[in-house]
Every structure is written in structure tokens, then in C-alpha cells.
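The values are calculated or read from the model by the stated rules, or taken from the named source; none is laboratory data. These numbers were taken from a predicted model, which means no experiment stands behind them. A quick note on method: Cβ atoms are made from the backbone with ideal geometry, for glycine too, and the neighbour counts reach across all protein chains shown.
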Amino acid sequence: MVGFVEAVAGAMGVSVSVACVPIDDGTRITIDDEAGELFLRRQAGGLDALQHLVNAVFRAEHPDGHIVVDCLDYRKSKDEELRQTAVLLAERARTTGETQEVGPLNPYARRIVHMTVAADPGVSSESVGDAFLKTVLISAVDA
């Protein structure tokens, strides 16, 4: 995977330092080089595209785990923001009884929200929509 990411960056005309680290539920590929900022332009569209490519190419080798591609800890900080938002919306759903919405989100972001909400037995979540980007609904569970 490291060689693949380096080759993609090289085809874009940049040389980056790439590392591959195992995480609890998959693999994390990190680009820790200022030249990697190219992937972070336009709301990290390049990073999302790179992650999509890496997952498409290596999915068969990682059937039980997911692959996260990050650059300069951009995704790590965005993931934490998303977790905090999910916790806040879950609390709001539980206290008000009103369904809360977050999105539209790509599959990676939806997974983070669903996993965060699953840790709270007082709420549940579901994805709605029939496009690549879907909305996640967070609802209180009747006790």
C-alpha cells in the first residue's frame, strides 16, 4: 500500500513520505510530508479520492478491516470533530426525543457516526438516502 500511495503522489508530481500502521479495526496509511498538502486542497477532495482508490485496490487484501488514508493528521482531527458532533446530537436526541440529522456524509464518515452512536444504548442511527452521500438520522430508543 505504501508503494501504491507513493506512486500515485509521484504521478501527481510530488514526493511524499508514507507510513503504514495497523489500527484496531484496520490499517492507517499516513502521509507526513508538507508536499502532501496537495491532497488537502478543496476540502481534502484529493485525500478522499486517494482513500477511495486505495480501498478499491486493496479491499480484497483487507476483507475484515478498513483502510484509512490520512495526510498531516487532517482526517484524524476531522474524525474527532465528527465523533464529538455525533455524541452531541445523540445527547440532544435522547433529551428532546426529536430525531437529529447529520450529513450528507460519505460512507467513511457515516461509519464513524454509526460506531459512535452504537456506543450509547439510549440512541440508534440509520442512514437515509439513495446516493453516495447519505444523511444519518439519530433517534432516541424507547426504554
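For region 52-61, does any single residue satisfy the condition of being in a helix (DSSP H, G or I), more than 22 Å from H114 (Cβ to Cβ) and of a type in the set (D, E, K, R)? So far as region 52-61 goes, yes, one or more of its residues are in a helix (DSSP H, G or I), more than 22 Å from H114 (Cβ to Cβ) and of a type in the set (D, E, K, R). Quick check on region 87-105: of everything there that is in a helix (DSSP H, G or I) and of a type in the set (S, T, Y), which residue is farthest from P121 (Cα to Cα)? Ranking the qualifying residues of region 87-105, first place goes to T96.
For region 106-139, which positions are part of a helix (DSSP H, G or I) and among the aromatic types (F, W, Y)?
Initially, region 106-139 is screened for residues part of a helix (DSSP H, G or I), giving 107-118.
Answer for region 106-139, where residues must be part of a helix (DSSP H, G or I) and among the aromatic types (F, W, Y): just Y108.
For region 3-19, a residue qualifies if it is of a type outside the set (D, E), part of a helix (DSSP H, G or I) and surrounded by 13 or more Cβ atoms within 10 Å (Cβ to Cβ), and the qualifying residues are F4, V5, V8, A9.
Residues in region 97-135 that are among the β-branched types (V, I, T), in contact (Cβ under 8 Å) with a residue 12 or more places away in the chain and more than 22 Å from D70 (Cβ to Cβ): T99, V117, V123, T135.
Of the listed requirements (1) touching a Ser or Thr at 6+ places or on another chain (Cβ under 7 Å); (2) within 17 Å of K76 (Cα to Cα); (3) in contact (Cβ under 8 Å) with a residue 24 or more places away in the chain, C20 misses just one: (3). Summed over region 20-42, the residues that are aliphatic (A, V, I, L, M), loosely packed, with under 13 Cβ neighbours inside 10 Å and either at pLDDT below 85 or farther than 18 Å from Y108 by Cβ (or both) give a count of 1. Return the residue satisfying two criteria in turn: it lies in region 43-63 and is surrounded by fewer than 19 Cβ atoms within 10 Å (Cβ to Cβ) and touching a residue at least 12 places away in the same chain (Cβ under 8 Å), and of such residues it is farthest from V21 (Cα to Cα). Only one residue fits best here, namely A44.
In this structure, is V87 within 19 Å of the chain's Cα centre (by Cα), more than 21 Å from V136 (Cα to Cα) and β-branched (V, I, T)? When the stated conditions are applied, V87 does not pass them.
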